[in-house]
Structures are given as C-alpha cells and as structure tokens.
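Computed from the coordinates by the stated procedures, all read-outs in this text should not be read as laboratory data. Note that this is a predicted model, so its numbers are computed, not measured. We place every Cβ from the backbone using ideal geometry, glycine too, and count neighbours over all the protein chains shown.
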Amino acid sequence: MKAEPKRSISNVVLFAITAIPTLSLAEAYWPQFRGPEGRSVAIDQSLPKSFGPKENVFWKTEIPEGHSSPAIWGDRIFITAYKDLKLLMICIRRSDGSILWQKERPIKELQRYSHKDSSASAPTPCTDGEQVAFLFGDYGLVVSDMDGNLLWDKAFLPSSSDFGYGASPALVDGKLLINCDGGLRSGLLCLDFKTGEELWHAERPKTIISYSTPYVWPQESRIEILQSGSASIASYDLSNGEAIWHVTNLPGFTCPSPIASDDKVYFGAWTTAHVTGSTRVASLFSEDDQLTPEQLASFPAFMDRFDKNKDGKIAPMEFPPSRAQDAFNFNDRDQSGYWEKKEIAPLFENSGRSLRGRNILVSISAGGKGDITETHVNWEKRKALPYVASPLLYQDRLYYVKKGGYLTAIHPISGEPFFESKKIGVSGEYYASPIGVDGQILVASKEGIITLFKASDEFEIIKKIDMEDSILSSPAVVDNTLYLRTGSHLWAFRD
C-alpha cells in the first residue's frame with residue numbers, strides 16, 4: 001500500500017507529479033459511462049492481484065455525495081457530486097489523487113426523490129480530451145475545458161420523474177447526445193460539442209423518462225444511435241437524427257443501457273411497472289426477509305407483520321432494509337411520512353399492468369427499417385433480468401446481474417444459457433454495471449461487496465472484496481489501475 005495522507009475536498013495537498021511513480025498517462029482513456037465505446041470492457045488491462053480498503057491502495061480521496069462514475073483522460077479524472085445546495089464538478093489528478101480543481105453551480109432546492117438512492121449528480125461526465133461535459137438532468141448541462149473554464153452551458157425543460165435523472169451523455173465525432181425522454185420536450189438531443197448549438201432533436205413525444213444512456217453503434221453506411229425507453233428501443237441516424245428502426249413490447253421503465261456487437265443489439269430490463277399482486281409485494285423485499293405466502297397476498301397479514309406499533313400505518317423504519325424502505329416516498333403519495341391503507345392496499349390488487357410493455361431481454365439483428373419487432377428479434381429471455389446494471393458483452397458471452405445477487409451468462413448468438421440465475425451470495429441492489437477485464441468479470445453490489453468471476457462457461461467465483469462502504473457507481477480500469485467510487489471516497493488500486 002502506498003502511504004499517503006488522507007485527501008478531502010476541503011483540505012487538499014497538491015503533490016508534484018515528479019514525486020509519484022510513473023504512470024502511462026497517454027494510455028489512460030475511460031472517457032464516458034462504461035468506458036471506451038460504452039462497452040464496459042478494459043482492453044489490454046489487468047486488475048491488481050489483490051486489493052481492498054487496506055490492500056494495494058495507490059491513493060484514496062474523500063469526495064462529497066454523488067453517484068456519477070469516473071471519466072478519465074490522461075492525468076485527469078472527472079466526477080460530479082453535490083453538497084448542500086451546490087452542484088459540484090470535480091477534477092482529480094490521476095497520478096496522486098489530489099484535487100486539481102472544483103467548480104460549483106448553486107441550485108435553489110433539491111428535488112424530493114421517490115427513492116433514497118436517487119441523486120442530483122447521477123450522470124457520468126464525458127470528455128474528448130479537450131472539453132468535458134457535466135450533466136445534471138433538470139439542473140442543466142455544463143461544458144468546460146480541461147482546466148474547468150466554462151465554455152458553454154444549457155438549461156433543460158423539466159422532466160416528470162420522481163426518481164431524478166440518471167442517463168449519462170454520450171460523445172461521438174464532436175456530437176454530444178442527451179437522453180431527454182419524459183421532459184416537456186421529450187426526445188433524443190444532439191448538440192455540437194464545441195459550441196452547444198443544437199444539431200437535431202429526434203422527437204419522442206409519448207415516452208416517459210428513462211435512465212438508459214444513448215449507445216453509439218457504428219454500421220457500414222452510417223453511425224446509429226440507440227435509445228431505449230417506454231417499451232421500445234429505437235435507432236437514429238447520427239448525421240441527421242432520422243429514425244431508422246424500432247422494436248416494441250419491451251420494458252416500459254428502463255434503467256439499463258443497450259450493448260451491441262458488430263451486427264446485433266442486446267437490450268432488456270426488469271421493472272416493477274410490469275408486476276402486480278404478490279409478485280409486486282415480493283419485489284419490495286429480499287429473500288432474506290422471508291415473507292409468507294399470506295403476507296405477500298393479504299393486506300391484513302402484511303400489516304400484522306410490519307405495523308410494529310399497531311397504529312394502522314407503517315413508518316419507514318418499521319420495514320427492514322429493503323426496497324420498501326429505500327423507495328418509501330414513491331408509495332407515500334400524500335407525503336405524510338407513513339404508508340397508510342389507501343396507499344398499501346392497491347399493492348395487493350391483481351389489476352393488470354399499469355404501464356405498457358413487459359419485462360424481457362432481446363437480441364436484435366442489424367439492417368432493419370421501421371418496425372422490426374416481428375422480423376429482426378432473434379431470441380427473448382424472461383428470467384433473472386437486470387433492474388439497473390447494464391448487460392456486459394465479453395469474450396463471446398452476454399452477462400447480466402439481477403437485483404438480489406444473481407448472475408446469468410448466455411450465448412449471444414443462440415440465447416442459450418451457459419449458466420442462469422446463479423446466486424452470488426450478496427443480496428440487495430446492484431447499481432454498478434459489471435466490467436470485463438483480463439479474463440475476469442467484476443460485479444459490485446450496493447452494499448459494497450465486489451465479486452470477481454472467471455470469464456468462462458462455468459459459474460466460478462474467484463474472490464470477494466468488502467469495501468466497507470456503499471457502491472452505486474460503475475468502476476473504471478486504465479493503466480492496470482482500478483478506479484472505484486464508493487459512498488465517501490474515490491479509490492485507486494494498483495500493484
């Protein structure tokens with residue numbers, strides 16, 4: 001472990017770069033959410049042989065609250081955060097973990113979110129090595145040079161989401177792509193990265209908000225931009241924003257982003273919007289909570305289990321740590337601080353889906369035009385689907401992680417499983433998208449447990465690492481160094 005003093009936003013000591021072991025700064029390139037090409041694959045990289053809070057720590061830097069993942073270019077790491085009523089844009093020196101600069105944007109108030117894990121700074125920055133874009137959803141977009149000097153900014157019309165904003169910007173050929181689904185001007189927005197000028201806006205007027213980041217998919221004759229949301233995934237021409245194809249009857253409320261090979265797209269998700277009755281109630285808890293069939297199906301039995309003080313309503317702390325507690329505000333419609341009968345009883349009704357679409361993951365072939373739902377979908381999967389973490393395509397296998405801690409690997413061509421819904425042994429939420437590096441799959445749980453798997457046809461756990469802090473951001477790997485954001489720190493691990 002490299003012995004260095006603790007660093008924080010409020011008290012930073014800048015070290016001369018000559019005092020730090022040499023890093024291959026030119027090779028440091030993880031410029032956006034899910035890294036190069038948005039694929040979550042660290043090519044020609046390796047992880048430290050072992051790492052953890054007290055092992056192979058190159059540096060760690062204390063940072064304020066936020067969920068954006070690190071974006072890296074050369075010796076600079078970019079993240080966002082917030083503190084009090086200030087949105088923060090932070091640049092960290094990669095070679096020693098010191099804060100190079102921090103910029104602030106004041107806001108009048110923070111939104112009341114329906115989920116406690118929602119954040120004012122969820123989107124990951126993106127950069128081309130000359131400029132960097134920081135997106136804060138309804139709070140706006142800020143583009144600066146690499147030294148933090150403002151180049152341009154842009155406000156957005158408000159969205160209608162109770163969960164905040166989560167999609168990250170994508171950058172290709174000098175064009176910045178923003179998912180604006182669910183806003184008053186709903187659609188996919190393309191801006192000139194240098195000037196902020198609007199190049200085109202692909203209208204998506206009937207879509208609700210989605211958290212899926214635009215995916216750049218180069219094809220022979222053009223570059224296509226894939227955007228999912230509201231029970232569909234659609235392709236747009238990068239040059240002019242014209243719609244090319246779409247597939248329907250997919251998840252209605254989406255968090256994961258698509259992934260693609262040269263000629264196939266993979267997309268899917270699970271959402272509570274498509275489950276009702278006892279299945280919906282079960283989704284609010286982990287298997288460890290062991291609700292009985294009666295408690296899952298009966299309002300009186302449910303109240304008898306969780307209404308601890310028998311006052312006819314349920315406070316957040318009467319629930320165990322679970323989605324019921326995390327997303328308490330979503331069901332507390334009158335903002336009373338309690339779930340009351342009028343808010344709980346509808347959970348037990350088998351009244352059909354409240355949102356069009358279905359929980360599913362599909363493979364889609366390239367080359368279509370218009371509605372290709374019936375002609376270009378190769379296979380469908382209905383089990384063990386991801387809720388937030390995006391799928392990973394790595395070494396001819398498609399991996400995805402289900403909330404509660406289950407890993408699946410399938411053959412991307414046939415859709416046949418190598419293994420399906422294998423228990424990781426760490427329950428709870430999985431927000432970080434898995435990454436592939438050096439023949440391994442890195443999966444991180446919200447509880448802060450990293451699990452390394454061997455990338456193979458068999459389910460094989462290599463090791464588990466307890467970071468002793470929450471993980472809601474996706475990691476990055478460059479220069480054989482793992483960069484990981486936890487609830488309170490940004491870490492760098494290397495041999």
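Please rank LEU452, LEU407, fewest neighbouring Cβ atoms within 10 Å first, as an exposure proxy. Don't skip to the end; give the middle numbers.
Numbers: LEU452 17, LEU407 23.
Result, fewest neighbours first: LEU452, LEU407.
Using R₀ = 30 Å, calculate the FRET efficiency as 1/(1 + (r/R₀)^6) where r is the Cβ-Cβ separation of GLU349 and THR248; round to 0.05.
Values: r = 26 Å, r/R0 = 0.88.
For GLU349 and THR248, the calculated efficiency is 0.70.
Could you tell me the distance between the Cα centroids of region 306-358 and region 106-130, to the nearest Å?
A separation of 26 Å, based on Cα centres.
Quick one: plug the Kirkwood hydrodynamic radius of region 277-348 (C-alpha pairs) into Stokes-Einstein at 25 °C, 0.890 mPa s, and report D in µm²/s.
Diffusion coefficient, whole number: 203 µm²/s.
Which far-off residues, 5 or more places away or on another chain, put their amide H under 5 Å from the one on SER390, with H placed in the peptide plane?
Hits under the 5 Å cutoff: SER257, SER433.
Quick check for me: using +1 on Lys/Arg Cβ and -1 on Asp/Glu Cβ, what's the dipole size of the chain about its Cα centre, in debye to the nearest 20? It would help to have the intermediate numbers written out before the result.
Values: 53 positive and 63 negative charges, 151 e Å.
Using Cβ point charges on Lys, Arg, Asp and Glu, the chain gives about 720 debye.
State, as an integer percentage, the relative contact order of the chain based on alpha-carbon contacts under 8 Å between residues 6 or more apart.
Working: 1290 pairs, mean separation 74.5, N = 495.
After rounding, I find 15 percent.
Given charges of +1 on the Cβ of Lys and Arg and -1 on the Cβ of Asp and Glu, with all other atoms neutral, how large is the dipole of region 328-408 about its Cα centre, in debye to the nearest 20? Intermediate values should be presented prior to the final figure.
Working: 13 positive and 9 negative charges, 44 e Å.
Dipole size: approximately 220 debye.
Starting from the eigenvalues of the Cα gyration tensor, five times each then square-rooted, give me the equivalent ellipsoid semi-axes of region 118-250, largest first, whole Å.
After diagonalising the Cα gyration tensor, the semi-axes are 22, 19, 12 Å.
For region 74-90, what does the Karplus curve 6.51 cos²θ - 1.76 cosθ + 1.60, with θ = phi - 60°, yield as ³J(HN,Hα) per residue in whole Hz, taken in order and with x for Gly and Pro?
Working through the residues one at a time gives x, 9, 10, 10, 10, 9, 10, 7, 8, 8, 6, 10, 10, 8, 10, 10, 10 Hz.
Tabulate in residue order the Karplus-calculated ³J(HN,Hα) for region 401-410, using 6.51 cos²θ - 1.76 cosθ + 1.60 with θ = phi - 60°, rounded to whole Hz; enter x for Gly and Pro.
10, 9, 4, x, x, 9, 10, 10, 10, 10
For GLU460 and THR195 in the same chain, what is the full-extension length gain: residue separation times 0.36 nm, less their Cα-Cα distance, in nm? Don't skip to the answer; put the middle values down first.
Numbers: separation 265, 0.36 × 265 = 95.40 nm, distance 4.88 nm.
Using 0.36 nm per residue and subtracting the Cα-Cα distance, I get 90.5 nm.
Hey, can you grab everything whose amide H is under 5 Å from the amide H of ASP162? Only 5+ residues off in sequence or another chain; H modelled, so Pro and N-termini drop out.
none
Between SER221 and ASP84, how many nm apart are label points set 7 Å from Cα along the C-beta direction?
The modelled label-to-label distance comes out at 5.7 nm.
Amide H of ILE424 versus every other amide H placed in the peptide plane: which residues, excluding those fewer than 5 positions away on the same chain, fall under 5 Å?
TYR406, LEU407
Treating the Cα atoms of the chain as identical point scatterers in vacuum, please give the log10 of the normalised Debye intensity I(q)/I(0) at q = 0.09, 0.10 Å⁻¹, two decimals.
Debye curve over Cα of the chain, log10 I(q)/I(0) at q = 0.09, 0.10 Å⁻¹: -0.61, -0.76.
To the nearest 500 deg cm²/dmol, what mean residue ellipticity at 222 nm is calculated for the chain from DSSP H runs of n ≥ 4 alone, each contributing -39,500 (n - 2.57), summed and divided by the residues? Working shown, then result.
On the way: 6 runs with 31 residues, N = 495.
One gets -1000 deg cm²/dmol as the mean residue ellipticity at 222 nm.
Could you give each residue of region 428-436 its phi-based ³J(HN,Hα) in whole Hz, using Karplus coefficients 6.51, -1.76, 1.60 with θ = phi - 60°, and x for Gly or Pro?
So the Karplus estimates, Gly and Pro as x, are x, 7, 10, 9, 5, 6, x, 10, x Hz.
Specify which residue in the list PHE348, PHE328, ASN309 is farthest towards the positive end of the charge dipole of region 277-348, using unit charges on the beta carbon of Lys, Arg (+1) and Asp, Glu (-1), about the Cα centre.
Farthest along the dipole direction, towards plus: PHE348.
Would you work out which of PRO169, GLY183, GLY129 lies farthest towards the positive end of the dipole of region 128-196? Charges go on Cβ: Lys and Arg +1, Asp and Glu -1.
Towards the positive end, the residue furthest out is GLY183.
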